[in-house]
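Enquirer: Sharing a structure with you now.
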């Protein structure tokens, strides 16, 4: 086990990332199309402008506390969230994503009425920091799987749009499907 820890340093989450506040964007101002608007529980709408270039990571700050959300494309995090800025600048932020997923932010609730994540408490979380070469190897290895996942998600979205377009037409008999029996 000592060999696995070789080169790893004791540190805090704040040594690896910054937590930046999302920005308020009232529902009535959102355009409904364009970039995803991200709240603490995930996508809450769409807007014609983005605040952060993807890939990016959002963490629920109010309400759905500590949910870690990875986004490949540009997005708009609202004020119930933090978004991260990496201090180690790993390619694709995969190291940072899996690091954040390993931390139990739910136990860091700082408010009693509405659950809230205190930035200073979160950033002071003690962690072991991977050496840059191991971090880069990890990102290289996991990027293959992340890219495959992204491709699959894009296929699912395409199929969902096709279903949503065709199903009403099939139900109204605007489109007919000829069934061919096979022997």
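Listed here are the residues, each with its yes/no results for (1) within 20 Å of residue 12 (Cα to Cα); (2) in contact with a helix residue (DSSP H, G or I) (Cβ under 8 Å, 6 or more places away or on another chain).
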{"residue": "63", "(1), (2)": "no, no"}
{"residue": "70", "(1), (2)": "no, yes"}
{"residue": "73", "(1), (2)": "no, no"}
{"residue": "87", "(1), (2)": "yes, yes"}
{"residue": "97", "(1), (2)": "yes, no"}
{"residue": "130", "(1), (2)": "yes, yes"}
{"residue": "150", "(1), (2)": "no, no"}
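Enquirer: Pull up region 43-61, narrow it to residues that are in a loop (DSSP other than H, G, I, E, B) and either out of contact with any strand residue (DSSP E or B) (no Cβ under 8 Å at 6 or more places or on another chain) or under 13 Å from residue 78 (Cβ atoms) (or both), then point me to the one that is modelled with the lowest pLDDT. Explain how you work it out, then say what you get.
Expert: Keep residues of region 43-61 that are in a loop (DSSP other than H, G, I, E, B), which gives 48-51, 53-55, 61.
Those left that are additionally either out of contact with any strand residue (DSSP E or B) (no Cβ under 8 Å at 6 or more places or on another chain) or under 13 Å from residue 78 (Cβ atoms) (or both): 49-51, 53, 61.
Working: 49: 96, 50: 97, 51: 96, 53: 95, 61: 90.
Selected residue: 61.
Enquirer: Would you be able to tell me the number of residues in region 1-41 that are surrounded by 15 or more Cβ atoms within 10 Å (Cβ to Cβ) and under 16 Å from residue 74 (Cβ atoms)? Can you show your working first?
Expert: Within region 1-41, the first condition is being surrounded by 15 or more Cβ atoms within 10 Å (Cβ to Cβ), and the residues that meet it are 13-14, 16-17, 19-20, 22, 25, 30, 34-40.
If we keep only those that are under 16 Å from residue 74 (Cβ atoms) too, we end up with 20, 22, 25, 30, 34-38.
Residues flagged as surrounded by 15 or more Cβ atoms within 10 Å (Cβ to Cβ) and under 16 Å from residue 74 (Cβ atoms) within region 1-41 amount to 9.
Enquirer: Looking only at strands (runs of 3 or more DSSP E) that lie completely in region 62-159, which have at least 3 residues being surrounded by 17 or more Cβ atoms within 10 Å (Cβ to Cβ)?
Expert: 68-71, 81-86
The values are calculated or read from the model by the stated rules, or taken from the named source; none is laboratory data. In this text the structure is predicted, and so the values were computed from the model without any measurement. Glycine also receives a Cβ, built like all others from the backbone with ideal geometry; neighbour counts cover every protein chain displayed.
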